[in-house]
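Accompanying notes for the structure given below.
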Amino acid sequence: MGVEICVKAAVGAPNVLGDCPFSQRALLTLEEKKVPYKMILINVSDKPKWFLEVNPEGKVPVINFGDKWIPDSDVIVALLEEKYPNPSLVTPPELASVGSKIFPTFVSFLKSKDSSDGTEQALLDELNALEEHLKAHGPYVNGQNICSVDLSLAPKLYHLQVALGHFKKWSVPESLSHVRNYMKLLFERESFQKTKAAEEYVIAGWAPKVNP
């Protein structure tokens, strides 16, 4: 039996790939490593009984290499690197935290109802730090070749672009040209095109969090 992976189905469309950035990170890793896999879509608002039996926490993604279901995208990505070392997506330890605060600062800004609360500036500070890194080391976080940090950031930057564009009419400033180019490079990759959620499902996924 080959690799099986359970990922989030779209909100209101259980047969369509959903908007979980952690699920997409795992799928991107499989695609970049050209590992054949079977994708199982899980309706997270009505999880099947078999799924909860093998994965009591009910979180996605979970992966099965043939004997048991393994949760957590960090663990999944590390296992894929171990089992399928080529092409290598290893990130040098000193680069592992590049861009790691972008997602939480994006979420705070997205949920914010007060334009003077500093959440926009906090996000801009993180994006500026990524800009400086890419200016010195780009086009990807580790230079010419894509690595696991890029595959973690890609879905999060996609959510940022779609959700902030929709709910706040906000986009990454043009002055951050390296970040914008980085996003373009990531989003144009075949692996990304095959594994991304449609924009409408990203928006539907965030709507209840933006307007609870």
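Points to keep in mind about this one:
- Here Gly58 meets each of (1) over 25 Å from Pro14 (Cα atoms); (2) surrounded by fewer than 19 Cβ atoms within 10 Å (Cβ to Cβ) with one exception, condition (1).
- The residues of segment 128-153 that are in a helix (DSSP H, G or I), under 10 Å from Val179 (Cα atoms) and either of a type in the set (D, E, K, R) or touching a His at 6+ places or on another chain (Cβ under 9 Å) (or both), listed by number, are Leu130, Glu131, Glu132, His133, Leu134, Lys135.
- Scanning segment 129-141 for residues that are open to solvent by 70 Å² or more (accessible area, probe 1.4 Å) and not acidic (Asp, Glu) yields Lys135, Ala136, His137.
- Residue match in segment 148-166 (condition: open to solvent by 10 Å² or more (accessible area, probe 1.4 Å), in contact with a strand residue (DSSP E or B) (Cβ under 6 Å, 6 or more places away or on another chain) and either free of Cβ contacts under 8 Å to residues at least 60 places away in the same chain or on the phi < 0 side of the Ramachandran plot (or both)): no
- Options Lys8, Lys83, Lys68: the member that is within 28 Å of Gly205 (Cα to Cα) and either in contact (Cβ under 8 Å) with a residue 12 or more places away in the chain or not aromatic (Phe, Trp, Tyr) (or both): Lys8
- Which numbered condition Gly99 fails, given (1) farther than 30 Å from Leu41 by Cβ; (2) in a loop (DSSP other than H, G, I, E, B): (1)
- Number of positions in segment 181-212 that are surrounded by 18 or more Cβ atoms within 10 Å (Cβ to Cβ) and either of a type in the set (A, V, I, L, M) or assigned to a helix (DSSP H, G or I) (or both): 12
The values are calculated or read from the model by the stated rules, or taken from the named source; none is laboratory data. Treat the numbers as computed from the prediction; the structure is a model and nothing was measured. Cβ sites come from the backbone with ideal geometry, for glycine too, and all protein chains shown count toward neighbours. Note: areas computed on protein heavy atoms with side chains; ligands, DNA, RNA excluded. Shrake-Rupley method; radii C 1.70, N 1.55, O 1.52, S 1.80 Å.
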